[in-house]
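Everything on this sheet refers to the single structure shown next.
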Amino acid sequence: MRVALKGLRVIAHLLVGLLLAVFVAAYGKGRYSRENLGTWWYRVLLRILDVRLVISGQRLEGTRVMVCNHISWLDIPVVGACEPTRFVSKAEVGEWPVIGWLADAAGTFYLRRGSGGTRQLIESIDQHLGHDSIVFFPEGTTTDGSLVLKFQARLFATAIETRRPVQPIALRFSTAADGTATAPYIGDDVLLDNIIRLLKHGPITAELRYCEPIDPAGHDRASLALAAHTAICQVVAPDSIRTASPREPRNAIAA
């Protein structure tokens, strides 16, 4: 019964999100901040799911490029609950029912496959960084949180071109009280099954750490990606720290 009632609250909250999306699209452009509405919506969702948020580190003020290790679809509401921002996601997410509609309403930037997709995205992000920050997940896929995969370097170009600082964000989730790892969304996991698992096994904690920001000056995309990767690994997965390759000179990695 408890799981069913929480499930109904999740469904009701999704409907609220869709109604807000319709309202902002029809009447609220220029009057309401989709980022601020998104932060409120994410915080309520975390409360419904019994996800406790613990924040540490110093958030850099002003516009910046934030990068985060990727564990679950929960990463987005966790980061979005901390501050108003927008996200970069793979294009397929925009085609999902409900989730895609909510992503569109939140102003998500989509990375499309094929030639020119990255350049078009960077140009859109460059315009956005004039007044707000963005978040992307440079691993390109999710893990169980015990390691951090190599960061894809291409989107780091937007920080270099706009001269915006990069702030790495290290994220990890606790297990439930019975030891079940409910947060990771990996492999062949299904979104509905993952949500039911969260509701069934009870409260978890999401720990988010703002790492020291990195000045992109003097970096190329590869060295900037490696610097961000190292900063996050030092917090959540020291064994995943990589050394510079011959194409990533060591003297370019310092933050």
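Once the range 81-232 is represented by equal point scatterers at the alpha-carbon sites, with solvent omitted, what log10 I(q)/I(0) does the Debye formula produce at q = 0.10, 0.11, 0.19 Å⁻¹?
One equal scatterer on each Cα of the range 81-232 leads to -0.41, -0.49, -1.38.
Nearest 5 percent is fine: what portion of the DSSP beta bridges confined to the range 59-207 is antiparallel?
Approximately 15 percent, going by the DSSP bridge assignments.
If you average over every viewing direction, what projected area does the convex hull of the Cα atoms of the chain give, in nm²?
One quarter of the hull surface, i.e. the mean projection, equals 13.9 nm².
Let me spell out the model: positive unit charges on the Cβ of Lys and Arg, negative unit charges on the Cβ of Asp and Glu, origin at the Cα centre of the chain. What dipole size does that give, in debye rounded to 20?
My answer is approximately 320 debye.
How much length, in nm to one decimal, is gained on full extension between LEU8 and ARG119, taken as 0.36 nm per residue of separation minus their Cα-Cα distance?
35.8 nm
Please give the calculated 222 nm ellipticity per residue for the chain, where each DSSP H segment of at least 4 residues contributes -39500 (n - 2.57) and the sum is spread over every residue; nearest 500 deg cm²/dmol?
Result for the chain: -12000 deg cm²/dmol, rounded to the nearest 500.
Expressed in nm to one decimal, what extension gain is obtained for the pair GLN234 and ALA217 from 0.36 nm per residue of sequence separation less their Cα-Cα distance?
Here the answer is 3.9 nm.
I'd like the trypsin sites (Lys or Arg not before Pro) in the range 108-215 restricted to DSSP loop residues with at most 10 other Cβ atoms within 10 Å, sorted by number.
The qualifying sites are ARG113, ARG163.
Report the calculated FRET efficiency for ARG52 and ARG242 (r = Cβ-Cβ distance, R0 = 35 Å), to the nearest 0.05.
Once rounded, the FRET efficiency stands at 0.65.
Quick one: if the Förster radius is 51 Å, what FRET efficiency do ASP132 and ASP178 give, using the C-beta to C-beta distance and rounding to 0.05?
Rounded to the nearest 0.05, the efficiency is 0.80.
Every number here is computed from the coordinates shown, using simple stated rules; none is lab data. All values derive from a computational prediction rather than experimental measurement. Because the Cβ atoms are built from the backbone with ideal geometry, glycine has one as well, and the counts that use them run over all protein chains shown.
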